[in-house]
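The values are calculated or read from the model by the stated rules, or taken from the named source; none is laboratory data. Predicted, not measured: the structure shown is a model, and the values here were computed from it. Here the Cβ is made from the backbone with ideal geometry for all residues, glycine too, and neighbour counts use every protein chain on show.
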Amino acid sequence: MPEFLYNDKLYYNPVEFAMDRIGGTWKMPILWRLRSRVMRYGELKKDLGRITHKMLSTQLKQLEAEGFIHREAYPVIPPKVEYSLTDRGRRAIEIIEGLRTYGLELMAEFGVGEEGRR
């Protein structure tokens, strides 16, 4: 496949493009947690553990802007915001499941323990 430009960034293949959308330390774990239920910001923060507020906020904004998650803000005090997967986000879960399975297989092959794994 020939290289292509998207948002002023040069890509060399579709895998690179996809990984730029959902890759990194936090995007897949966020999507994975939203796979089976709607979650509020605080629930995500607590469940993800070591993520900072700034990083979670940034990642959620990016995932929303790219159409992977839906953000629903309710006009109440205190503010209530819920996050859920869109159709695009649900399609990404299939890919994440495959990567997760492969990762678990590699962990076993390399003798990596499962302690602390979520």
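Read through the list (1) at pLDDT 95 or above; (2) farther than 30 Å from F4 by Cβ; (3) exposed (fewer than 14 other Cβ atoms within 10 Å of the Cβ), then give the number of the only condition that Y102 fails.
The single condition Y102 does not satisfy is (2).
Regarding E94, is this residue over 13 Å from M28 (Cβ atoms), of a type in the set (D, E, K, R) and surrounded by fewer than 16 Cβ atoms within 10 Å (Cβ to Cβ)?
no
Could you tell me which residue of the stretch 70-80 is surrounded by the most Cβ atoms within 10 Å (Cβ to Cβ), considering only residues that are touching an Asp or Glu at 6+ places or on another chain (Cβ under 9 Å) and not hydroxyl-bearing (S, T, Y)?
The qualifying residue surrounded by the most Cβ atoms within 10 Å (Cβ to Cβ) is H70.
Need the failing condition index for V112 against (1) closer than 21 Å to G23 by Cβ; (2) at pLDDT 95 or above; (3) surrounded by 10 or more Cβ atoms within 10 Å (Cβ to Cβ), just the number.
All conditions pass for V112, except number (2).
Which ones in the stretch 81-91 are surrounded by 14 or more Cβ atoms within 10 Å (Cβ to Cβ) and in contact with a strand residue (DSSP E or B) (Cβ under 8 Å, 6 or more places away or on another chain)?
Within the stretch 81-91, E82, Y83, S84, L85, T86, G89 qualify.
So, restricting to helices (runs of 4 or more DSSP H) that lie completely within the stretch 1-65, which ones have at least 2 residues that are within 16 Å of I95 (Cα to Cα) and of a type in the set (V, I, T)?
The helices (runs of 4 or more DSSP H) meeting that bar are 14-22.
For the stretch 64-90, which positions are under 12 Å from M28 (Cα atoms) and either free of Cβ contacts under 8 Å to residues at least 40 places away in the same chain or charged (D, E, K, R) (or both)?
I69, R90
State whether one or more residues within the stretch 52-69 are exposed (fewer than 12 other Cβ atoms within 10 Å of the Cβ) and more than 28 Å from N7 (Cβ to Cβ).
no
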